[in-house]
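The block underneath contains the structure these notes are about, expressed in structure tokens.
The values are calculated or read from the model by the stated rules, or taken from the named source; none is laboratory data. Quick caveat: nothing in here was measured; it's all calculated off a predicted structure. All Cβ positions, glycine included, derive from the backbone under ideal geometry; neighbour counts span all protein chains shown. Just so you know, the surface numbers come from the protein's heavy atoms only, side chains and all, with ligands and any DNA or RNA stripped out. Shrake-Rupley method; radii C 1.70, N 1.55, O 1.52, S 1.80 Å.
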Amino acid sequence: MYKIETEAKGLVSHGVNACAGCGLELVFRNVVQTLGEDTVVIIPPGCAALFSGIDNVTNMKIAGYQCNLENTAASAAGVRAGLDAQGNTHTTVLAFAGDGATADIGLQSLSGIMERGDRVLYVCYDNEAYMNTGIQGSSATPYGANTTTTPAGKPTYKKDLLKIAIAHHIPYAAACSAANLPDLVKKVKKAKDVDGPALLHVHTPCPTGWAYPPAKSIEVCQTAIETGAWVLYEYENGRITVNRKVKELRPIRDYLSLQGRFKKMTEGDMEVLQKETAARYRELLASEG
């Protein structure tokens, strides 16, 4: 049976006031406890700020600080440069930010560390909207999803963050999911040992923003994998590998119907998304190796 590694170290407190069923808590605990205490974490404002804390209170037993929303990667690069100047090459610098702080306002500084080759592990927990400030749509919000700024459903597709990272020719990038923690832990270990920037893009369920019962978080994410709405794959030294192949994708409706945020989608919308999802999955399989 799978257990969180290094649980006895207790690097994250037991009590965190995240929403019931929040996928972020699962992701953060597994990432931090896999990396270990020789880690410095940079967290911008957002849901993960629950862990960095307020004033002199924190939920972590590792070093770190809360930066501005737009400069997570730049802050991490500065910490990395400072450690390197001291001859410290062993401490892991972890940037941990949501999709808004990564794919939107923080994309410029993220592109900077990838272009320069800074040795930073960047984790984007993707709950597909600005959940912390009122469920506003982001560029990571999927097609058809209802948010407070896309009340009729988002009319455009989700930004492909990993393709952007791969275009920078970084050593390692991977898609992960809260529904498959062993896969996440394995990829965290790989990313930690990379000599250069590494990006982990993690599908992170949000019952509040996605409108489903909190007990369904893992089922929702698992269905995303089985329908092709989220594909577990990695890019390592120029090669793409699909880690979880699905022999026959389930209809995208199976995933959408679990969540209230897609309730305004028409049959035509679902057909469009079904074709786009299947085409992207075939493209990834064809690019393997």
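Consider the stretch 264-284 and keep the residues that are in contact with a Leu (Cβ under 7 Å, 6 or more places away or on another chain) and within 18 Å of Lys159 (Cα to Cα). The one that is surrounded by the fewest Cβ atoms within 10 Å (Cβ to Cβ) is Ala278.
Rundown of residues vs (1) open to solvent by less than 10 Å² (accessible area, probe 1.4 Å); (2) within 27 Å of Glu37 (Cβ to Cβ); (3) at pLDDT below 95, yes/no style:
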position: Leu184; (1), (2), (3): yes, yes, no
position: Val194; (1), (2), (3): no, yes, no
position: Pro197; (1), (2), (3): yes, yes, no
position: His201; (1), (2), (3): no, yes, no
position: Pro205; (1), (2), (3): yes, no, no
position: Trp210; (1), (2), (3): yes, no, no
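Among the residues here, Tyr172 qualifies as buried (at least 22 other Cβ atoms within 10 Å of the Cβ) and aromatic (Phe, Trp, Tyr). Taken over the stretch 96-128, the residue count meeting the criterion of being hydroxyl-bearing (Ser, Thr, Tyr), open to solvent by 10 Å² or more (accessible area, probe 1.4 Å) and under 17 Å from Tyr235 (Cβ atoms) is 1.
Just checking, which of Cys67, Cys19 is surrounded by 23 or more Cβ atoms within 10 Å (Cβ to Cβ), over 21 Å from Lys187 (Cα atoms) and not acidic (Asp, Glu)? After ruling out the rest, the residue left standing is Cys67. Every condition in (1) farther than 28 Å from Pro182 by Cβ; (2) buried (at least 18 other Cβ atoms within 10 Å of the Cβ) holds for Gly228 except the one numbered (1). All of (1) among the aliphatic types (A, V, I, L, M); (2) buried (at least 20 other Cβ atoms within 10 Å of the Cβ); (3) in contact with a Phe, Trp or Tyr (Cβ under 8 Å, 6 or more places away or on another chain) hold for Ala179 with one exception: (3). Being touching a strand residue (DSSP E or B) at 6+ places or on another chain (Cβ under 8 Å) and open to solvent by 40 Å² or more (accessible area, probe 1.4 Å) is the filter; apply it to the stretch 135-149 and report the residue that is nearest to Pro205 (Cα to Cα). Applying the filter and picking the extreme gives Gln136. When you scan the stretch 118-137, do you find a residue that is within 17 Å of the chain's Cα centre (by Cα), assigned to a helix (DSSP H, G or I), modelled with pLDDT of 95 or more and not hydroxyl-bearing (Ser, Thr, Tyr), even just one? Yes, there is a match, as at least one residue in the stretch 118-137 is within 17 Å of the chain's Cα centre (by Cα), assigned to a helix (DSSP H, G or I), modelled with pLDDT of 95 or more and not hydroxyl-bearing (Ser, Thr, Tyr).
In the set Ala174, Ala179, only one residue is of a type in the set (A, V, I, L, M), in a loop (DSSP other than H, G, I, E, B) and modelled with pLDDT of 95 or more; that residue is Ala179. Looking at Ser257, Ser287, just one residue is over 28 Å from Gly134 (Cα atoms), small (Gly, Ala, Ser) and surrounded by fewer than 20 Cβ atoms within 10 Å (Cβ to Cβ), and that residue is Ser287. Restricting the search to the stretch 54-64, which residues are among the hydrophobic types (A, V, I, L, M, F, W, C) and surrounded by 12 or more Cβ atoms within 10 Å (Cβ to Cβ)? Passing the criteria: Met60, Ile62, Ala63. Being within 18 Å of Asp126 (Cα to Cα), acidic (Asp, Glu) and touching a Phe, Trp or Tyr at 6+ places or on another chain (Cβ under 8 Å) is not true of Glu276.
Number of residues in the stretch 236-253 that are open to solvent by less than 50 Å² (accessible area, probe 1.4 Å) and assigned to a helix (DSSP H, G or I) equals 1. Glu226 meets the conditions (1) over 19 Å from Gly98 (Cα atoms); (2) in a helix (DSSP H, G or I); (3) under 16 Å from the mean Cα position of the chain (by Cα) in every case but one. The failed one is (3).
For Ala152, the conditions (1) closer than 19 Å to Ala279 by Cα; (2) surrounded by fewer than 24 Cβ atoms within 10 Å (Cβ to Cβ) all hold with the exception of (1). In summary, Gly87 fulfils each of the numbered conditions (1) at pLDDT 95 or above; (2) surrounded by fewer than 16 Cβ atoms within 10 Å (Cβ to Cβ); (3) under 26 Å from Val16 (Cβ atoms) with the single exception of condition (3).
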